[in-house]
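The values are calculated or read from the model by the stated rules, or taken from the named source; none is laboratory data. These numbers were taken from a predicted model, which means no experiment stands behind them. Note that each Cβ is placed from the backbone with ideal geometry, even for glycine, and that neighbours are counted across all protein chains shown. Only protein heavy atoms, including side chains, enter the accessible area calculation; ligands, DNA and RNA are left aside. Shrake-Rupley method; radii C 1.70, N 1.55, O 1.52, S 1.80 Å.
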Amino acid sequence: STEQVAAGFMWEGVPYSNVGLKAYPFDKARAAELLDEAGWTLPEGGTVRTKDGRELEIGLYYESTNVIHRSFAQIIQAQLAESGFKINLTGEEIAAFVNRGVTGDFDLFFSLSWGEPYDPHSTLNALATAIGTYDYHGVAGLPNYATIRDQITAVIHTVDEAERQRLYTEILTAIHEGYGFIPISYKTNRAAGRKGIENVEFNCSYDMPLGNTTIKR
């Protein structure tokens with residue numbers, strides 16, 4: 001795979017985002033311990049953990065026409081099943097999927113940052129308001145959300161570089177430690193072409209710049 005495992009909410013190459021975050025470690029045994037401590041136990045001979053007669057059941061929603069979403073969803077479902085989770089997958093057409101995200105009617109939901117030139121300013125600014133963004137719902141329930149929101153407001157307005165970096169470090173660290181988002185990977189742009197195509201360029205956005213690309217015939 002060309003995908004890079006994500007350590008935090010933002011790729012380290014994004015301005016102000018190289019703040020030393022570490023990827024969540026994979027420790028299935030520790031996960032089992034935490035689930036047991038929380039009261040979610042695996043019945044003898046069962047495959048789904050239960051607590052007070054309820055199954056550990058979570059809904060994961062994805063865009064039905066997005067092949068990457070569907071593949072990730074199926075992998076997540078299979079891997080979490082090994083720890084006793086029952087993951088219900090629901091694929092929806094794009095309008096329904098976006099509406100669900102905006103209203104916050106989900107347990108797990110796929111999201112990504114806005115890319116260049118919006119990161120990190122605009123993407124994080126979207127976390128500070130419930131209007132028109134589903135990323136907001138990833139952090140709104142955190143105990144320290146009010147502090148995160150105020151720091152986002154401050155970082156957007158400050159022109160002091162040192163203060164801006166300090167605020168971004170605290171914001172990204174708080175998001176990471178709060179588990180509001182579960183980073184999966186940093187998207188890698190790919191291109192396929194034929195001989196004679198020159199000056200193919202990439203940037204951090206979702207679209208490939210073709211202004212300098214030439215074709216020899």
Determine whether VAL155 is modelled with pLDDT of 95 or more and touching a Phe, Trp or Tyr at 6+ places or on another chain (Cβ under 8 Å).
yes
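For the stretch 91-100, check the following and say yes or no: at least one residue is aliphatic (A, V, I, L, M), over 30 Å from GLU161 (Cβ atoms) and crowded, with 16+ Cβ neighbours inside 10 Å.
The initial filter retains those residues of the stretch 91-100 that are aliphatic (A, V, I, L, M), namely 94-96, 98.
Those still in the list that are over 30 Å from GLU161 (Cβ atoms) too: 94-96, 98.
Right, trim to crowded, with 16+ Cβ neighbours inside 10 Å and you get none.
Within the stretch 91-100, not a single residue is aliphatic (A, V, I, L, M), over 30 Å from GLU161 (Cβ atoms) and crowded, with 16+ Cβ neighbours inside 10 Å.
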- small (Gly, Ala, Ser) and assigned to a helix (DSSP H, G or I), is that true of SER113? no
Residue count, the stretch 153-191, condition open to solvent by 80 Å² or more (accessible area, probe 1.4 Å) and in a helix (DSSP H, G or I), comes to 4
Any residue that is in a loop (DSSP other than H, G, I, E, B), closer than 25 Å to ASP105 by Cα, open to solvent by less than 50 Å² (accessible area, probe 1.4 Å) and among the polar types (S, T, N, Q) - is there at least one of those in the stretch 132-142? yes
PHE72 meets each of (1) touching a residue at least 40 places away in the same chain (Cβ under 8 Å); (2) open to solvent by 60 Å² or more (accessible area, probe 1.4 Å); (3) farther than 30 Å from LYS51 by Cα with one exception, condition (3)
### Query
Is the stretch 36-57 home to any residue that is out of contact with any Pro (no Cβ under 7 Å at 6 or more places or on another chain), loosely packed, with under 15 Cβ neighbours inside 10 Å and closer than 30 Å to HIS121 by Cβ?
no
Matching residues in the stretch 199-217 (more than 30 Å from PRO15 (Cβ to Cβ) and at pLDDT 80 or above) number 3
Scanning the stretch 80-107 for residues that are among the hydrophobic types (A, V, I, L, M, F, W, C), within 19 Å of the chain's Cα centre (by Cα), at pLDDT 95 or above and outside any helix (DSSP H, G or I) gives ILE87, LEU89
